[in-house]
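> I have a structure here, written as structure tokens, and I will follow up with some questions on it.
Each reported figure results from applying straightforward, stated rules to the coordinates on display, with no laboratory input. Keep in mind that this is a model prediction, so the values were computed, not measured. Glycine also receives a Cβ, built like all others from the backbone with ideal geometry; neighbour counts cover every protein chain displayed.
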Amino acid sequence: MKPLFMFAVTLFIPVATLAQPVTAPPAQVTFYGTPTAAIASGVVIPADRAFVWTSGTTPSVAKADAPAGSRERYGDTRTQAASILKTLAAQLQVQGLSMKDVVYLRAYLVPDPTKDNRMDQAGWSAAYGEVFGTAANPTKPARSSVGVSQLVNADFLIEIEAFAVFPK
């Protein structure tokens, strides 16, 4: 029995040391998770920080002369996501913030008829990777991608909400 007990204790100690409980509120915005991941597992925000939460933002028209209902009018998921991220950056700039201040994104994606009616997660991730986790903006916000059956316009493939925290 003793060897089994020693084995169990040996396995338990390293795991226990990784999960240290937080004893005080953070002094700064803290992202946690795997450092090499494209997104944070979560974000801890100090109680004294102001924040902005945007409404769901939809894409701008990519090609105004394209017929309504055509793929060219708004583009694919990557094009739409890039358009939305640019709009979000402009919204945040008006508030005195930037994409570096974004701590959380929620994206709603619909099935893409050109992708066997599957969400284009790769397109969304590609547009995200052009804005976040870069040399210019090393921030990697926490993120959720939610599959939905439809958005308010049948041409939209993605809608994004952003949550940003004012720097101290």
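> Compute the acute angle (0 to 90°) between the alpha-carbon long axis of helix 121-131 and the principal axis of greatest extent of the alpha-carbon atoms of the chain; round to the nearest 10°.
Tilt of helix 121-131: around 80 degrees.
> Separate question: Expressed in whole Å with the largest first, what are the equivalent ellipsoid semi-axes of region 99-166 derived from the C-alpha gyration tensor as the square root of 5 times each eigenvalue? Before the final figure, lay out the partial values.
Numbers: eigenvalues 119, 35, 14 Å².
One finds semi-axes of 24, 13, 8 Å for region 99-166.
> Distance between Cα centroids, region 34-91 to region 135-168: provide it in whole Å.
5
> Another question, if that's okay. Tilt of helix 77-94 relative to the longest C-alpha principal axis of the chain, in degrees (0 to 90, nearest 10)?
Orientation of helix 77-94: about 80 degrees from the principal axis.
> Moving to a separate point now. Please list 3J(HN,Hα) in residue order for region 26-36, calculated via the Karplus relation 6.51 cos²θ - 1.76 cosθ + 1.60 where θ = phi - 60°; whole Hz, with x for glycine and proline.
Karplus values, whole Hz, x for Gly and Pro: x, 8, 9, 4, 10, 8, 9, x, 6, x, 8.
> Still on this structure, I have one more. Mind checking the dipole of region 29-165: about its Cα centre, +1 per Lys or Arg Cβ, -1 per Asp or Glu Cβ, Debye to the nearest 20? Provide the component values of the computation, followed by the final result.
Details: 12 positive and 12 negative charges, 42 e Å.
For region 29-165, the charge dipole is close to 200 debye.
> Could you give log10 I(q)/I(0) at q = 0.09 Å⁻¹ for the chain, computed by the Debye formula over C-alpha point scatterers of equal weight, without solvent?
Once normalised to I(0) and log-transformed, intensities are -0.41.
> Shifting gears a bit: Could you put Trp124, Trp53 in order, starting from the residue whose Cβ has the fewest other Cβ atoms within 10 Å? Intermediate values should be presented prior to the final figure.
Working: Trp124 24, Trp53 10.
With the sparsest Cβ surroundings first, the list reads Trp53, Trp124.
> Sticking with this structure for a sec: Among DSSP beta bridges lying fully in the chain, give the percent that are antiparallel, nearest 5. Write down the numbers at each step before the final one.
Values: 15 of 22 bridges.
The answer is about 70 percent antiparallel.
> Could you tell me which of Ala136, Ala81, Gly96 has its Cα farthest along the dipole of region 29-165 towards the positive end, charges placed at Cβ (Lys, Arg +1; Asp, Glu -1), taken about the Cα centre?
Projecting each Cα onto the dipole axis, the largest value belongs to Ala136.
> Can I ask one more? Averaging sequence separations of C-alpha pairs under 8 Å and six or more residues apart, then dividing by the length of region 42-168, give the relative contact order as a whole percent.
Details: 224 pairs, mean separation 52.0, N = 127.
Across region 42-168, relative contact order equals 41 percent.
> Can you give me the long-range amide H partners of Phe166? Hydrogens built in the peptide plane at 1.01 Å from N, cutoff under 5 Å, separation of 5 or more residues or another chain.
Result for Phe166 returns Ala50, Phe51, Val52.
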